[in-house]
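First the structure, in the form of structure tokens, and then the observations on it.
The values are calculated or read from the model by the stated rules, or taken from the named source; none is laboratory data. Values in this document were obtained by computation on a predicted structure and should not be read as measured data. Neighbour counts are summed over all protein chains in view; Cβ atoms, including those assigned to glycine, are modelled from backbone coordinates with ideal geometry. Protein only, heavy atoms only, side chains kept; ligands, DNA and RNA dropped before computing areas. Shrake-Rupley method; radii C 1.70, N 1.55, O 1.52, S 1.80 Å.
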Amino acid sequence: MRVKPCLSRLQFSLSNLRCYQSARSASSVASKPLEDFVQKSILPQIAEIKNAGTYKSERVIKTKQAVEIEVQGVKTKLLNFCANNYLGLSSHPAVVAAGKKALDEYGAGLSSVRFICGTQSIHKELEKQIAEFHGREDTILYASCFDANAGIFETLLTPQDAVLSDELNHASIIDGIRLCKAQKYRYKHMDLNDLETKLKEAVSAGAVNKLIVTDGVFSMDGDVAPLPQICDLADKYRAMVFVDECHATGFFGKTGRGTEEFFGIEGRVDFINSTLGKALGGAAGGYTTAKREVIDLLRQRSRPYLFSNSLPSPVVACASEVFNLLTSSSGFAEKVASNTERFREGMTAAGFEISVSCDLRKRITFESYNECSSFQGNNHPICPVMLYDAKISALMAEKLLDQGIYVIAFSYPVVPKGKARIRVQISAAHTENDIDRTIEAFTTVGRSLGVLK
């Protein structure tokens, strides 16, 4: 009588073993398509990227983000000239202290989206600060400006509308526009005549609402959009204007209010998107600031906002402290501008070509703007050192690392063929000695490579 239960247990164990073997067999069969996919699709793409010389390796930083950093595999400390830390506030003591305090008071995060139980008082306070900083009615926070750009066009535009986008707008703008159902027009980079042509086409096609979309400052060249003329065209054809200010907010313009302030046309832009992840603390987060009714609709229908966790409390507090610092003094923006001028003038005197342009603030007519031979510069802290040769650019960046200067070379497809350069980014935290040392290092390496005579 006792044998049967043992046999029963044995049969049960054998049955489990067969199920396990069957599951393993099924798993093995299921993994074969993945292996085929990796071998036939993924690996060839990686090889193609490597062969093109555009494979991106990530240097590992062992310290906090600052002017001077330590990088894994490099024995000496490096001067960092390739961060978006334009104001030098990523590790500012007051900003760090604000984050620590919020961590204790509000916790690490909300574990919720905003409309369920993910809105704290500090979220609303930061949104109010941002709106006041830009002179707008309201603001909506996102996890990143990529999310802000992904959420605005689909929400606001219908198939009866038209969106007109600069051909070199940021990838997040391009992807956001793809999500909407509006008629899509792409105009040549900062070409006002082509923009007007596209506006006429949109009018002829019967577009109900027309939205012109541009970066305020374009990240590869530091070129500044001709915003006054764009706004003039918008007025002429009853269009609205959207500007992405990620490479302007906090440091561009007299008090860091961005491209509008740079041109003295505050209030003419209808929608501003920007980031908290560059000059404004450097952690994370993005936003849209505009009329209150627009923000209200975005809270109801913008998918990245509705279906993403709230911005973590310490990040919110850090950004809020940055705005406190900015509104109490214009010194940060002024220091960025003076450092940028020192670098550009020193590099030019040494014989390097730094992308520069006519003074956009003096351009009144479309003709004078479009006749300008170069659109880059405007004393923006993005300072492209033009070398034109991809191999020389990469080699110079490596040799500058040996000189204690951390910069990055850019070549095709990140920039057009034959336009290879080293992109230098200036910070308010750099000292005059840092600037001069970097110019000296560029000069030494430039002469060794034959770039300078």
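Details
Residue-by-condition table, conditions (1) within 38 Å of the chain's Cα centre (by Cα); (2) at pLDDT 60 or above; (3) surrounded by 11 or more Cβ atoms within 10 Å (Cβ to Cβ); (4) more than 30 Å from R421 (Cβ to Cβ):
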{"residue": "V3", "(1), (2), (3), (4)": "no, no, no, yes"}
{"residue": "L10", "(1), (2), (3), (4)": "no, no, no, yes"}
{"residue": "S28", "(1), (2), (3), (4)": "no, no, no, yes"}
{"residue": "D36", "(1), (2), (3), (4)": "yes, yes, no, yes"}
{"residue": "K50", "(1), (2), (3), (4)": "yes, yes, no, no"}
{"residue": "V74", "(1), (2), (3), (4)": "yes, yes, yes, no"}
{"residue": "L78", "(1), (2), (3), (4)": "yes, yes, yes, no"}
{"residue": "A83", "(1), (2), (3), (4)": "yes, yes, yes, no"}
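- Of the strands (runs of 3 or more DSSP E) contained entirely in the range 340-453, those carrying at least 1 residues that are modelled with pLDDT of 95 or more fall at 382-388, 420-425.
- Considering residues of the range 267-276 that are open to solvent by 10 Å² or more (accessible area, probe 1.4 Å) and in contact with a strand residue (DSSP E or B) (Cβ under 8 Å, 6 or more places away or on another chain) only, the residue farthest from Q229 (Cα to Cα): T275
- Matching residues, the range 326-338, being part of a helix (DSSP H, G or I) and surrounded by fewer than 22 Cβ atoms within 10 Å (Cβ to Cβ): T327, S328, G331, E334, K335, A337, S338
- With respect to (1) out of contact with any Pro (no Cβ under 9 Å at 6 or more places or on another chain); (2) under 23 Å from M386 (Cα atoms); (3) among the aliphatic types (A, V, I, L, M), the lone exception for V213 is condition (2).
- When the range 185-218 is filtered for residues that are in contact with a helix residue (DSSP H, G or I) (Cβ under 6 Å, 6 or more places away or on another chain), more than 30 Å from C383 (Cβ to Cβ) and open to solvent by 30 Å² or more (accessible area, probe 1.4 Å), only Y185 remains.
Let's see how each residue does on (1) open to solvent by less than 30 Å² (accessible area, probe 1.4 Å); (2) farther than 18 Å from Q129 by Cβ; (3) outside the structural domain of V315 (by the TED database):
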{"site": "M220", "(1), (2), (3)": "no, yes, no"}
{"site": "V224", "(1), (2), (3)": "yes, yes, no"}
{"site": "C231", "(1), (2), (3)": "yes, yes, no"}
{"site": "A234", "(1), (2), (3)": "yes, yes, no"}
{"site": "R238", "(1), (2), (3)": "no, yes, no"}
{"site": "G253", "(1), (2), (3)": "yes, no, no"}
{"site": "G256", "(1), (2), (3)": "yes, no, no"}
{"site": "I265", "(1), (2), (3)": "yes, yes, no"}
{"site": "K278", "(1), (2), (3)": "no, no, no"}
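- Positions within the range 85-104 being under 15 Å from L311 (Cα atoms) and surrounded by fewer than 19 Cβ atoms within 10 Å (Cβ to Cβ), in sequence order: L103
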